[in-house]
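Read through the structure below, which is laid out as structure tokens, and then see the notes.
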Amino acid sequence: MIANYGYKDGSGEYYISIDTDKCIECPVGRACLAACPKAMFETLVDDYDDEVVCIKAQFRKSLAYDCVQCKPAGGHTRLPCTDACAPGAIRHSW
Amino acid sequence: MTELSAFNAPSSGEKKEFWRWDETAWVDESRDWRSAKVLTCGIDVGSVSSQCVICADGELYAYNSMRTGSNSPDSATNAFAGVTARTGLTVPDVQFVVGTGYGRVNVPFSHKAITEIACHARGANKMGGNSVRTILDMGGQDCKAIHCDEKGKVTNFLMNDKCAAGTGRGMEVISDLMQIPIAELGQRSFEVDVEPEAVSSVCVVFAKSEALAMLKAGYTKNKVVAAYCQAMAERVVSLLGRIGVEEGFFITGGIAKNPGVVKRIERLLGIKAMETKIDSQIAGAYGAALFAHTLVLKQGAAKPLAAAA
């Protein structure tokens with residue numbers, strides 16, 4: 001399942017997509033949880049009883065601002081969360 | 001009297017609430033719940049409406065759909081009470097209750113909470129058949145685009161609950177502003193000589209002031225409603241584009257009853273939405289009741305909870 005967390009507003013689309021099929025059997029011990037400097041990721045048991053990673057509810061409506069320090073404007077050329085996710089389950093839409 | 005002067009006319013007596021949609025209830029009179037082996041219940045407490053669905057042996061037996069009250073537990077209890085009043089069925093008679101929707105964790109008599117995304121997919125799969133792939137749930141205060149497989153399992157979803165654009169609440173605001181009963185909005189939106197451009201802002205707050213400006217510019221009420229329906233359709237179609245639209249398109253939620261929005265979405269997508277005889281608003285609760293049925297078959301009946309109604 002691809003879970004899209006985020007929103008679309010007048011300034012653009014801000015979604016972090018998590019492919020939970022790749023996330024279920026994480027070979028790197030949920031490295032994304034520690035990689036995010038704002039600790040935006042957490043684990044949950046989804047509706048199909050699989051333990052997967054998701055974005056914490058309090059960040060889902062403000063991703064454009066919360067992720068800014070990891071974007072090029074913040075001096076990064078690569079995103080820490082997507083780099084840490086070895087199976088390639090995490091993607092940003094912007 | 002012009003459209004604008006009619007709009008400004010002082011009202012006499014009690015203020016009419018044009019946004020009020022009809023609450024519905026239904027019972028399958030051909031059956032008796034006492035003869036069912038497995039009775040399950042789904043309770044969907046949404047931000048605007050609450051539904052209770054009873055499934056007897058995995059088939060729809062009864063439902064009650066009503067407006068959500070000031071708190072989730074009471075709304076869930078009242079939704080169930082509507083079924084009790086028509087069938088005599090009480091909470092202890094039900095083997096498993098699944099809560100879903102915005103207030104799912106506050107359903108006092110539920111055994112399990114499941115997200116509305118999974119429940120809408122499951123409900124749509126039952127209502128529209130296993131060819132349903134793309135589901136658009138236009139809820140009271142959010143909008144969800146869901147892709148599912150032939151079993152109704154979610155494969156891709158996104159939810160927009162940051163603003164009220166493209167939601168039932170937005171339509172309620174326009175209904176009150178135009179002083180047209182909400183059930184008539186869809187039909188009225190087609191009663192125009194020329195289809196207008198969509199209102200430029202889908203934000204409910206700005207759309208309201210834009211609608212007033214349109215009336216002042218000489219638009220008829222119908223034309224303003226058409227412009228708003230078009231804007232709403234464009235808004236949700238852009239959301240659907242993100243998950244990809246496949247044939248087997250099904251719309252759930254209250255706005256599925258508004259042909260003014262549905263027909264415009266179909267036109268933009270080039271796909272016709274699947275039809276159903278069942279109230280589109282109960283899809284989430286229906287899915288929850290079906291999840292409950294599966295859980296009973298898998299693990300047996302849950303421990304009875306306190307009676308709610």
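The values are calculated or read from the model by the stated rules, or taken from the named source; none is laboratory data. All values reported here derive from a predicted model rather than from experimental measurement. Methodologically, a virtual Cβ is constructed for each residue, glycine included, from the backbone with ideal geometry; neighbour enumeration extends over all protein chains shown.
Take the residues in segment A:22-36 that are surrounded by fewer than 14 Cβ atoms within 10 Å (Cβ to Cβ) and of a type outside the set (A, V, I, L, M, F, W, C), then tell me which one is modelled with the lowest pLDDT.
The first filter runs over segment A:22-36 and keeps only residues surrounded by fewer than 14 Cβ atoms within 10 Å (Cβ to Cβ), leaving A:25, A:27-29, A:34.
Subsequent filtering for residues that are of a type outside the set (A, V, I, L, M, F, W, C) retains A:25, A:27, A:29.
Working: A:GLU25: 90, A:PRO27: 93, A:GLY29: 93.
Among those that are surrounded by fewer than 14 Cβ atoms within 10 Å (Cβ to Cβ) and of a type outside the set (A, V, I, L, M, F, W, C), it is A:GLU25.
Being without any contact (Cβ under 8 Å) to a residue 24 or more places away in the chain, within 11 Å of chain A (Cβ to nearest Cβ) and surrounded by fewer than 24 Cβ atoms within 10 Å (Cβ to Cβ) is true for just one of B:ASP142, B:ASP149. Which residue is that?
B:ASP149
Pairs, please: C-beta under 8 Å, at least 6 apart or cross-chain, first residue facing chain A (nearest Cβ under 9 Å) and surrounded by fewer than 24 Cβ atoms within 10 Å (Cβ to Cβ) and in segment B:113-124, second of a type outside the set (A, V, I, L, M, F, W, C) and part of a helix (DSSP H, G or I)?
Partner pairs satisfying both residue conditions: B:THR115/B:ARG104.
Report those helices (runs of 4 or more DSSP H) wholly inside chain A carrying at least 3 residues which are under 23 Å from B:MET159 (Cα atoms) and touching a residue at least 60 places away in the same chain (Cβ under 8 Å).
Filter on chain A gives A:20-23.
Can you tell me which of (1) at the interface with another protein chain (Cβ under 10 Å from one of its Cβ atoms); (2) touching a Ser or Thr at 6+ places or on another chain (Cβ under 6 Å) is the one A:VAL53 doesn't meet?
Single failed check for A:VAL53: (1).
Only one of these conditions is not met by A:THR77: (1) away from chain B (no Cβ under 13 Å); (2) β-branched (Val, Ile, Thr); (3) closer than 24 Å to B:ARG242 by Cβ. Which number is it?
(3)
When you go through (1) within 14 Å of chain A (Cβ to nearest Cβ); (2) surrounded by fewer than 19 Cβ atoms within 10 Å (Cβ to Cβ); (3) of a type in the set (D, E, K, R) one by one for B:ARG235, which number turns out not to apply?
Every listed condition holds for B:ARG235 apart from (2).
Output the number of residues of segment A:63-92 satisfying the condition of being at pLDDT 95 or above and polar (S, T, N, Q).
Of the residues in segment A:63-92, 1 are at pLDDT 95 or above and polar (S, T, N, Q).
Filter segment B:134-174 down to the residues that are part of a loop (DSSP other than H, G, I, E, B) and at pLDDT 90 or above, then identify the one that is nearest to the chain's Cα centre (by Cα).
Once the filter is applied, the top-ranked residue is B:GLY152.
Going by what's in this entry, would B:THR84 be described as β-branched (Val, Ile, Thr), surrounded by fewer than 22 Cβ atoms within 10 Å (Cβ to Cβ) and farther than 25 Å from B:GLN299 by Cβ? Break it down into steps so the answer makes sense when it comes.
Details: β-branched (Val, Ile, Thr): yes; surrounded by fewer than 22 Cβ atoms within 10 Å (Cβ to Cβ): yes; farther than 25 Å from B:GLN299 by Cβ: yes.
Yes: the conditions hold for B:THR84.
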